[in-house]
């Protein structure tokens, strides 16, 4: 039972990490209808920038110069400024020209953008694996290990806290501020928002900046867990099943979807082989070890099964179709 | 002056229903085919065949398949890499289980297997639409790659987990492995692609193509006028997977000669083929070829330009190449979202009036 609990809890915590990535997607999809495939690479780029500033890497040379190193309290705002500049550039050079295009065109433009980020990150900061050190705690949480014998990584708790803070701040931002109200208006209807005097460009820059900041948080948390390298950008692929499970437009959906997928994945990893053998073992000879390394596809299949019953995801807006 | 249809009267039903109703189009096609079949084999060498011509042809075939599904039937799919893998691995199994089998039959068998798998993964499309479907097809991609990597039966229990091609003949000519003459391999691939392209061109003009397009444009309206979305979406998935399966088998057997599920048929292939049909033109047979040509040739051109002309280091050039690739894709989408095929359409319109614009 204890082992089962441990699996579920670590699944929940991993799920929160997925939710963090999915959050960035949802924000942009809500406000601009763009399916931002580049969110994962954006997280990588933000984390690379932060590490580069912290260690004083001279851009384009990949050489560390400790005298340029910037302390964390200055490097984090600087990275945020970089992400805002990136948001302005994206609006200026891509989104502005693609207003009113079909969804698939926008999606492919975002895939193209992810190539640009990937190449640019490598050219500016180098492609070797980097370690981020912001003083985030590592190792197991001793108190829980001693009293209940549960093994929980501290970094996952930090991630959970970061996700909770982000969701609260974002919810407050969306519900309580003037800009938040304008954002919701744009999400509802581009044209109606334009006609009451909301500037679409301004809103898009804000949304992309917020997504950039979410990307930074994601990049730092995931980077602290597994090092900052190219594979970090693949977390976008982890977030996609979370998104379709929760629904593209829903922030609570991203959180709940992440939790379901996190737990489901961990359970499948640990108990999947036994279950498969228990069901099919009577007819076939199956090696229980075969059901390993399923983390690439299990989440997708889980999401697919949910979708067959609710095609718009758990919390997505009901799809109303008219001829 | 040159490209004009005035004076070409259709006097019979056959002429009215011709695939290429304009004489100049027919001449153009004949000229291109004659060049590809008769002229190219004389100056082809190993490098040209392996790096340029065969990749261009097999990717054209894959792009044709995806275009049927995405361009004509409107079902966005990101599972192309997985279906290519099914083609590759089933051709390997057929090759090793029936060593006497002609390559043409092997390719056909690989196509049919992939079509069945595509049919299976097309089933969710009946309930799921748009981006939700696109992400659902990713399930196919990741699951199939995992399957070919995990179940040793697919690669005949060999130690490396890789599949390697054996010498096999088509109509008496050796077409696989490095021992095969590049000219033969090129002509074999070319013939298959030409046959499939003509079939596709005819299919999309006919009953099925029109029903697919009706589903794409508005599925509910199509249903109301008596088209069954169930049947049409599944046929699109099946036909498209057949094309992609044959392309996957060609990638493995004729082009590369060896394959590994995650390396050769990864998620990047899915995006690459999707790029081809978007850059080339959604819902256009010509566009599939133009897009494949562009995506296959651009990296080679960029690499030659950066490394050989500007003398950059290979690593830096690789990164710059990725960035440039992304920039060019975005540039294309902004300038001409309907693809290269649309540019050709505009050129044709202009040619009709040239040199008298009024």
Modelled with pLDDT of 90 or more and more than 24 Å from residue B:25 (Cβ to Cβ) - does that describe any residue in the range B:201-214? yes
Just checking, how many residues over the range B:157-195 are under 16 Å from residue B:99 (Cβ atoms) and in contact with a strand residue (DSSP E or B) (Cβ under 8 Å, 6 or more places away or on another chain)? 6
Please indicate, with yes or no, whether at least one residue in the range A:141-159 is away from chain B (no Cβ under 14 Å), at pLDDT below 80, assigned to a helix (DSSP H, G or I) and under 30 Å from residue B:134 (Cα atoms). yes
Quick one: which helices (runs of 4 or more DSSP H) lie wholly within the range B:142-235 and hold at least 3 residues that are over 30 Å from residue B:36 (Cα atoms) and within 14 Å of chain A (Cβ to nearest Cβ)? B:207-217, B:219-224
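Every residue, every condition in (1) touching a helix residue (DSSP H, G or I) at 6+ places or on another chain (Cβ under 7 Å); (2) in contact (Cβ under 8 Å) with a residue 12 or more places away in the chain; (3) surrounded by 11 or more Cβ atoms within 10 Å (Cβ to Cβ), yes or no:
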site: B:10; (1), (2), (3): yes, no, yes
site: B:18; (1), (2), (3): no, no, yes
site: B:25; (1), (2), (3): no, no, yes
site: B:30; (1), (2), (3): no, no, yes
site: B:62; (1), (2), (3): yes, yes, yes
site: B:66; (1), (2), (3): yes, yes, yes
site: B:70; (1), (2), (3): yes, yes, yes
The listed residue being in a helix (DSSP H, G or I) and closer than 25 Å to residue B:173 by Cβ, out of B:15, B:31, B:85, B:51: B:51
If we keep just the residues of the range B:319-340 that are without any contact (Cβ under 8 Å) to a residue 40 or more places away in the chain and over 18 Å from residue B:305 (Cα atoms), which is surrounded by the most Cβ atoms within 10 Å (Cβ to Cβ)? B:330
Being free of Cβ contacts under 8 Å to residues at least 40 places away in the same chain and out of contact with any helix residue (DSSP H, G or I) (no Cβ under 6 Å at 6 or more places or on another chain) is true for just one of B:228, B:216. Which residue is that? B:228
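Every residue, every condition in (1) within 14 Å of chain A (Cβ to nearest Cβ); (2) outside any helix (DSSP H, G or I); (3) closer than 30 Å to residue B:149 by Cα, yes or no:
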site: B:274; (1), (2), (3): yes, no, yes
site: B:286; (1), (2), (3): no, no, no
site: B:293; (1), (2), (3): no, no, no
site: B:308; (1), (2), (3): no, no, no
site: B:318; (1), (2), (3): yes, no, yes
site: B:324; (1), (2), (3): yes, no, no
site: B:334; (1), (2), (3): yes, no, no
site: B:343; (1), (2), (3): no, no, no
Is there a residue being assigned to a helix (DSSP H, G or I), modelled with pLDDT of 85 or more and more than 23 Å from the chain's Cα centre (by Cα) anywhere in the range A:183-191? no
Check the range B:247-262 and report whether any residue there is within 14 Å of another protein chain (Cβ to nearest Cβ), over 25 Å from residue B:184 (Cα atoms) and without any contact (Cβ under 8 Å) to a residue 24 or more places away in the chain. no
Report the residue count in the range B:122-141 for those that are more than 7 Å from chain A (Cβ to nearest Cβ), modelled with pLDDT of 85 or more and more than 25 Å from residue B:253 (Cα to Cα). 6
Where in the range A:1-117 are the helices (runs of 4 or more DSSP H), entirely inside, with at least 3 residues that are without any contact (Cβ under 8 Å) to a residue 40 or more places away in the chain? A:72-93
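The values are calculated or read from the model by the stated rules, or taken from the named source; none is laboratory data. Fair warning: this is a prediction, and the values are worked out from it, not measured in the lab. Methodologically, a virtual Cβ is constructed for each residue, glycine included, from the backbone with ideal geometry; neighbour enumeration extends over all protein chains shown.
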